[in-house]
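Written out below as structure tokens is the structure these notes cover.
The values are calculated or read from the model by the stated rules, or taken from the named source; none is laboratory data. Remember, it's a predicted structure, so these values are computed and weren't measured experimentally. Cβ placement follows ideal geometry from the backbone for every residue including glycine, while neighbour counts extend to all protein chains displayed.
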Amino acid sequence: MVRAHRNISFAAADSFDAVLREGAVVTVDGKETRELRNQITQLTRPCERCVFLPGRGHDVFAQVAETLWVIAGRNDVPWLTRYLRRAPRYSDDGGQTWRGGYGPRLRSWATGIDQISNWRDLLTADRNGRRTVGILFDPDRDFVVSRDIPCNNWLSWLIRDGKLHLNVAIRSNDAVWGFSGVNAFEWSVLQEMMAHWVGAKVGDATFFATSYHIYADYYERASKVVQRFHDVTPYDFGIASSPFSTPWAAFDFTLKDWFDAEAAIFVNPNDLLSERPAMRDPFLASALRLVRLKWGAETWSEDRLAAELAALPEDDFATAAYDFFSRKLPRLLDSIPQPGIAAFFQACRAVDSVGDAIRLRAAIKSLHARKNASYAHSWKRRGERISVLPNIARKVDRLQAFADGGLILKGESLVDTAVDLYVYAVKYRLYLAEQMNANTSLLPKGASHPFSDHDQNFDCLVNLATFGQGLPELGSCIDSISSLFERMWPAAEAAAPIAARQNMAADLSLAAEHLIGHLKKSDPRGFAAFIAQELTQ
């Protein structure tokens, strides 16, 4: 199955969730992983390349540095280590080179073949051709024991309808540090460059991973990323990547100039970037401004850093810089002069405060609408005592069975049971409200009748829920629900006043809401699975 996503942020959050929920446990080289086999991920806007995932801990400076280092054909580890501290651990020669580095294999394969140059020639000569293929795995060199066997093995280019599409085949893809760490970023840059050189627009980027996995050390972090993702990126606020514009004939010269400028910045980041070839390309210039911030921030004051950030052109690298530095200096986000960047972080703050509740409400509404469409009025067909309350009783009894002995029905998780109970409690409140002759204060004036037949009435009550945690112990939450229900059904049997039954139903609804809040905190993966399932129906 192809998982198609707008950009890398959405793809990473979704794939982390998929691996944690569906991945098989596989131990490789003594390390436990969760693994999906034959994962296919498509990015429809690969140039939206910067990762914006709360809790991910990514480093845009390392992404930029490694990408340009690869495209320049380099594999000298000491330079890369300035940006990527763990680089030496993948070296076979004591931290001098990466024997499997992509750079030399791209730009000087075997007898010196520049694959990038040949790709450009092939795509220019035949825009409908299917022979533009690149190889990074070398059977002559890579059937050995090594710390560095290329993970990305094969690239294929195709122009269709004026768009340049890229396919990448990967033998082993670490979801956290490979795919979302650098792979999607580096190939998107090369794809944009190649599209510019052959006069095409950037198309899809599709990744075929034989083993797509997360190491056990990062299960918790990946789970938190899934939970905290805002479902928004700066690209939703008009932010874009600064375009690449250097012609092929000037590329190697301009790229060398970029590395010369980077060397000067590394020594003295206080010097302003002068007019030079690399600064005439918007993308390369933005990348230089970014690395200047990295080295400058080591000695600059917070006020100086804020001023430097404020002076940046509004693009995704500037946004990523704000994101990176605000992890330690959150006040940097208080007065951002770039309007699109400010709007993005303002939206993130708003979603942070209610984001989980928003997604949870949406998932519960989806569940109710789907079941309501399938089962219609069956839940209340024979009335309160024969249909409505027995549906609630089944959920209460399942919760009590879990509290008493840890029993869970096959195919129905504790999260499922808690959500179902909440749904039935809300519907019961609507059912009782429609038994009253006068309009109820439960819903806005003019609400559609019968109240329990209409999704919008259900949604109205769900919108009021905060799903805050109730009693501190799960068993206490369940005991409270059981105690409430033991008062409810006798009241219905005795035909107690509807107002009294309505109050009991409201109390049960709130208790179920608190139980959901408790489980949301104690079982984040369970809730991630529930939300993902409902919101992708």
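For the residues His5, His58, the requirement of being closer than 17 Å to Ala175 by Cβ and either touching a Phe, Trp or Tyr at 6+ places or on another chain (Cβ under 7 Å) or without any contact (Cβ under 8 Å) to a residue 60 or more places away in the chain (or both) singles out His5.
For the stretch 365-379, check the following and say yes or no: at least one residue is in a helix (DSSP H, G or I) and under 30 Å from Glu48 (Cα atoms). Taking every residue of the stretch 365-379 in turn, at least one turns out to be in a helix (DSSP H, G or I) and under 30 Å from Glu48 (Cα atoms).
Annotation note: of Ser245, Ser301, the sole residue that is surrounded by fewer than 16 Cβ atoms within 10 Å (Cβ to Cβ), among the polar types (S, T, N, Q) and within 30 Å of Leu164 (Cβ to Cβ) is Ser245. The requirement of being assigned to a helix (DSSP H, G or I), modelled with pLDDT of 85 or more and crowded, with 19+ Cβ neighbours inside 10 Å is satisfied by Arg501. Of the residues Asn118, Asn128, Asn173, only one is buried (at least 18 other Cβ atoms within 10 Å of the Cβ) and either at pLDDT 95 or above or in contact with a Cys (Cβ under 7 Å, 6 or more places away or on another chain) (or both); which? Residue meeting the stated conditions: Asn173. Of the residues making up the stretch 482-495, those that are free of Cβ contacts under 8 Å to residues at least 60 places away in the same chain and outside any loop (DSSP other than H, G, I, E, B) are Ser483, Leu484, Glu486, Arg487, Pro490, Ala491. All conditions in (1) of a type outside the set (D, E, K, R); (2) in contact with a Cys (Cβ under 6 Å, 6 or more places away or on another chain); (3) not in a helix (DSSP H, G or I) hold for Ala320, with the sole exception of (3).
Which helices (runs of 4 or more DSSP H) does the stretch 385-481 wholly contain that include 2 or more residues that are modelled with pLDDT under 90, out of contact with any strand residue (DSSP E or B) (no Cβ under 9 Å at 6 or more places or on another chain) and polar (S, T, N, Q)? Quick ask: steps written out before the conclusion?
Numbers: elements: 389-405, 414-433, 455-462.
Result: 455-462.
Listed here are the residues, each with its yes/no results for (1) under 20 Å from Ser242 (Cβ atoms); (2) within 24 Å of the chain's Cα centre (by Cα).
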site	(1), (2)
Arg304	no, no
Leu309	yes, no
Thr319	yes, yes
Asp323	yes, yes
Asp334	no, no
Phe344	yes, yes
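Scanning the stretch 8-44 for residues that are outside any strand (DSSP E or B) and either within 21 Å of Tyr322 (Cβ to Cβ) or free of Cβ contacts under 8 Å to residues at least 12 places away in the same chain (or both) returns Ile8, Ser9, Phe10, Ala12, Ala13, Asp29, Gly30.
Yes/no matrix, rows are residues, columns are (1) surrounded by fewer than 16 Cβ atoms within 10 Å (Cβ to Cβ); (2) over 16 Å from Thr319 (Cα atoms); (3) aromatic (Phe, Trp, Tyr):
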{"position": "Ala249", "(1), (2), (3)": "yes, yes, no"}
{"position": "Asp260", "(1), (2), (3)": "yes, yes, no"}
{"position": "Ile265", "(1), (2), (3)": "no, yes, no"}
{"position": "Pro269", "(1), (2), (3)": "no, yes, no"}
{"position": "Leu290", "(1), (2), (3)": "no, no, no"}
